[in-house]
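A.B. asks: Below are the structure tokens for one structure; questions will follow.
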Amino acid sequence: MSDLRHLYQELILDHSRSPHGFGLSTDSPHRSHQVNPTCGDEIALAVVHDGTTVESVQWEGQGCAISQASASLLSTLLERRPLADVEPLVAEFREAIQSRGTIELDEERFGDAIALNGVSKYVARVKCAMLAWVALEDALDS
Amino acid sequence: MLPNPAQTDFSSDELDAIRAQFPILTERVNGHPLVYLDSGATAQRPQRVLDAERDFVLRRNSAVHRGAHWLAAEATEEFEDARATVARFVGARPEELVWTSNATEGVNLVAQSIAEASLDPAADPRVRLAPGDEIVVTELEHHANLLPWQRLARRTGATLRYLPVSDEGEVEGIDEVIGERTRLVAFSHASNVLGGYSPVERIVARARSVGALTFLDSCQAVPHAPVDFGALGVDFAVFSGHKMLGPTGIGALYGRFELLDALPPYLLGGSMITTVTMDGAEYLPPPQRFEAGTQRISQAIALAEAVRFLDELGMERVAAHGERLGARLAEGLAGIPGVRVLGPGPGAPRIGLASFVLEGVHAHDVGHVLDERGIAIRVGHHCAQPLHRRLGIAASARASTSVYSTHAEIDVFLEGVAEAAEFFGVAGTREVLA
């Protein structure tokens, strides 16, 4: 079970079972709907911000534990964060998750989201972890 | 009375001999012996299928139906022998079997050819559609047997309707939905998700009674049971080579000759014409009319070898083996707390395939736990989103077998699913934190 535990850390399972930011109540125009065509996972995500600070990231969706935990951790991470931080954070996250285990997320910058570090060793799971982050990028472009 | 050996499962010695012909089965994955239960997606290939392809490529490779040299004649003969072998295997005459790159291309070929015919007032009325006509599919179709018909309906102004499925995945509404306006009924022979068979005879009888054509997606039946398209009375059917121990890149379309002959070609180019001028062309009869360009020669020859392999095993026995594996899969899964098995209930016939949902755990996570143990299954919607929506689920996990699959492998798989259930602490309900 050790390899499994490395990927599915308690924090991941907790976030997937009790997700943060789950439920779309905002009418913020900054929103996106993304689908992972391989497995049918999907997410609808909206960013509430005032132009300088992210107030909240709300989302609804369905998918595997990794994709759900990733969305939840993203929502936790960005709450009340300067809007200018978002783009570099997404870039760093993408680089680490796609690194096949060679780059780890920085705990000081990513907090609990470093629980997703295990994903980068599993090419088949990278898309699961990225889904919410891709939606976030798209939402801020809209 | 002794059981009829033609209808009994393989003995363990026979199964060992079968498995010895598939080198990949000795591979290890993540430190475990490979347990390959994704044959519904693509089956493994025996050594002799590769040997047949290699032998052709290394010794007799040449373009077919052109060139007057010795190699060209040899290649053409082998290519056409392969067609005859595969055609006989599915109860067709050679001229009724068109090579395609896969089953998907076969569906698109017929749909696009009908769309083309529908633009031509001089085309055979049997293959022309117009506004008011209806195309009928089922709710359980693979996207490959749905999307081409959706587009055909849009292009011709016809209406696409569907036969709904029950909670157990049974096709319903045959007499209600198939009616006087129905011109074509496209449906799966066996479901790639549920593993159960469609009521082919009833659908064909109803379609015939209203003068509609039938199109059968037989991808999940041809590899697993004796199939005779002529006896089934369908007008068209498709299947793919790589699901029946053959290579990728080759499949076939069966069509009753007079209907193939009524269809205009799908791809235009070399090797499908009699006369070409700067203004137009005359086309060859089927099957060559539908085989423009250089064909998948070595793949066709390899597929014929796969067919000989299956013939030697005996399709009755292949079917008996698959049904027993399917029953063990379905029964074993149903015995694991939190598992919902999709498709036919206990005792109902199913091919060697079972899809399931583990309550509260996403299929992708189940698949990951199994993969860590070297067990390969399919997770997701299996290219059948409407069916999953109908069943109220987003995704499922599917274990699918082939001639080389063993009961011991099913047991390893079942243990894996039980472990996944334990690991994720099957609970289900999601608490949402504000």
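The values are calculated or read from the model by the stated rules, or taken from the named source; none is laboratory data. Small disclaimer: the values here were computed from a predicted structure and weren't measured. Neighbour counts run over all protein chains shown; Cβ positions are idealised from the backbone, glycine included. Accessible surface is based on the protein model in full, side chains and every heavy atom, while ligands, DNA and RNA are left aside. Shrake-Rupley method; radii C 1.70, N 1.55, O 1.52, S 1.80 Å.
A.B. asks: Cβ-Cβ distance below 8 Å, separation of 6 or more or different chains: which pairs start in the range B:199-216 with a residue that is over 17 Å from residue B:139 (Cα atoms) and end on one that is open to solvent by 60 Å² or more (accessible area, probe 1.4 Å) and in a loop (DSSP other than H, G, I, E, B)?
C.D. replies: B:210/B:180
A.B. asks: Among B:222, B:193, B:204, which is touching a Leu at 6+ places or on another chain (Cβ under 7 Å) and in a loop (DSSP other than H, G, I, E, B)?
C.D. replies: B:193
A.B. asks: With respect to residue A:56, determine if the residue is touching a Pro at 6+ places or on another chain (Cβ under 7 Å) and of a type in the set (Gly, Ala, Ser).
C.D. replies: Answer is no for this residue.
A.B. asks: Scan the range A:105-115 for residues that are away from chain B (no Cβ under 14 Å) and assigned to a helix (DSSP H, G or I) and jot them down.
C.D. replies: Those that are away from chain B (no Cβ under 14 Å) and assigned to a helix (DSSP H, G or I): A:107, A:108, A:109, A:110, A:111, A:113, A:114, A:115.
A.B. asks: Can you say whether residue A:73 is away from chain B (no Cβ under 11 Å), in contact (Cβ under 8 Å) with a residue 40 or more places away in the chain and open to solvent by less than 60 Å² (accessible area, probe 1.4 Å), as far as the supplied structure shows?
C.D. replies: Answer is yes for this residue.
A.B. asks: Got a sec? Which of B:144, B:153 is surrounded by fewer than 24 Cβ atoms within 10 Å (Cβ to Cβ), over 20 Å from the mean Cα position of the chain (by Cα) and not acidic (Asp, Glu)?
C.D. replies: B:153
A.B. asks: Looking at the range B:342-371, which of the residues that are among the charged types (D, E, K, R) and touching a residue at least 60 places away in the same chain (Cβ under 8 Å) is surrounded by the fewest Cβ atoms within 10 Å (Cβ to Cβ)?
C.D. replies: Checking each candidate, the answer is B:359.
A.B. asks: Now for a different question. Quickly run through the range A:1-27 and pick out the residues that are polar (S, T, N, Q) and buried (at least 19 other Cβ atoms within 10 Å of the Cβ). First the steps, then the outcome.
C.D. replies: Applying the first criterion (polar (S, T, N, Q)) to the range A:1-27 yields A:2, A:9, A:16, A:18, A:25-26.
Matches in the range A:1-27: A:16 only.
A.B. asks: Next question. Just name the residue that is farthest from the chain's Cα centre (by Cα) out of those in the range B:253-296 that are among the hydroxyl-bearing types (Ser, Thr, Tyr) and farther than 19 Å from residue B:233 by Cβ.
C.D. replies: Here is the first cut: in the range B:253-296, the ones among the hydroxyl-bearing types (Ser, Thr, Tyr) are B:254, B:266, B:271, B:274-275, B:277, B:283, B:294.
Checking which are farther than 19 Å from residue B:233 by Cβ leaves us with B:266, B:271, B:274-275, B:277, B:283, B:294.
Details: B:266: 21, B:271: 28, B:274: 33, B:275: 36, B:277: 39, B:283: 29, B:294: 24 Å.
Restricting to residues being among the hydroxyl-bearing types (Ser, Thr, Tyr) and farther than 19 Å from residue B:233 by Cβ, the top hit is B:277.
The rows are residues; the columns are (1) open to solvent by 20 Å² or more (accessible area, probe 1.4 Å); (2) modelled with pLDDT under 95; (3) under 22 Å from residue B:225 (Cα atoms); (4) assigned by TED's automatic domain parsing to the domain that holds residue B:228.
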| site | (1), (2), (3), (4) |
| --- | --- |
| B:270 | yes, yes, no, yes |
| B:276 | yes, no, no, yes |
| B:302 | no, no, yes, yes |
| B:328 | yes, no, yes, no |
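A.B. asks: Mind checking which pairs have a first residue in the range A:27-40 that is farther than 17 Å from residue A:141 by Cβ and a second that is open to solvent by 90 Å² or more (accessible area, probe 1.4 Å), Cβ under 8 Å, 6 or more apart or different chains?
C.D. replies: A:36/A:127; A:38/A:127
A.B. asks: Determine which single condition residue A:51 fails, assuming it passes every other condition in (1) within 7 Å of chain B (Cβ to nearest Cβ); (2) touching a helix residue (DSSP H, G or I) at 6+ places or on another chain (Cβ under 8 Å); (3) surrounded by fewer than 22 Cβ atoms within 10 Å (Cβ to Cβ).
C.D. replies: (1)
A.B. asks: Looking at the range A:80-93, which of its residues are loosely packed, with under 15 Cβ neighbours inside 10 Å and of a type in the set (Asp, Glu)? Explain how you work it out, then say what you get.
C.D. replies: Keep residues of the range A:80-93 that are loosely packed, with under 15 Cβ neighbours inside 10 Å, which gives A:80, A:82, A:84-85, A:87-88, A:91.
Those that are loosely packed, with under 15 Cβ neighbours inside 10 Å and of a type in the set (Asp, Glu): A:85, A:87.
A.B. asks: Out of B:84, B:68, B:52, B:75, report the one residue that is without any contact (Cβ under 8 Å) to a residue 12 or more places away in the chain, of a type in the set (Gly, Ala, Ser) and part of a helix (DSSP H, G or I).
C.D. replies: Answer to the check: B:84.
For (1) closer than 24 Å to residue B:358 by Cα; (2) touching a Ser or Thr at 6+ places or on another chain (Cβ under 7 Å); (3) part of a helix (DSSP H, G or I); (4) more than 10 Å from every other protein chain (Cβ to nearest Cβ), each residue gets a yes or a no:
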{"residue": "A:27", "(1), (2), (3), (4)": "no, no, no, yes"}
{"residue": "A:47", "(1), (2), (3), (4)": "no, yes, no, yes"}
{"residue": "A:61", "(1), (2), (3), (4)": "yes, no, no, no"}
{"residue": "A:80", "(1), (2), (3), (4)": "no, yes, no, yes"}
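For (1) closer than 18 Å to residue A:15 by Cβ; (2) open to solvent by less than 10 Å² (accessible area, probe 1.4 Å); (3) in a helix (DSSP H, G or I), each residue gets a yes or a no:
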site	(1), (2), (3)
A:95	no, no, yes
A:103	no, no, no
A:117	yes, no, yes
A:124	no, no, yes
A:128	yes, yes, yes
A:131	yes, no, yes
A:139	no, yes, yes
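A.B. asks: Does residue B:211 fit the bill of being on the phi > 0 side of the Ramachandran plot and under 23 Å from the mean Cα position of the chain (by Cα)? Steps first, please.
C.D. replies: Details: on the phi > 0 side of the Ramachandran plot: yes; under 23 Å from the mean Cα position of the chain (by Cα): no.
No.
A.B. asks: A further question on this structure: Given the conditions (1) open to solvent by less than 40 Å² (accessible area, probe 1.4 Å); (2) closer than 20 Å to residue B:396 by Cα, report the number of the one that residue B:203 does not fulfil.
C.D. replies: Unmet condition: (2).
A.B. asks: Considering only residues that are open to solvent by 10 Å² or more (accessible area, probe 1.4 Å) and either free of Cβ contacts under 8 Å to residues at least 12 places away in the same chain or more than 10 Å from chain A (Cβ to nearest Cβ) (or both), which ones fall in the range B:384-398?
C.D. replies: Hits for the range B:384-398 are B:386, B:389, B:390, B:391, B:392.
A.B. asks: Further, regarding this structure: Take residue B:318 and decide whether it is within 23 Å of the chain's Cα centre (by Cα) and free of Cβ contacts under 8 Å to residues at least 60 places away in the same chain.
C.D. replies: So residue B:318 does not fit the description; no.
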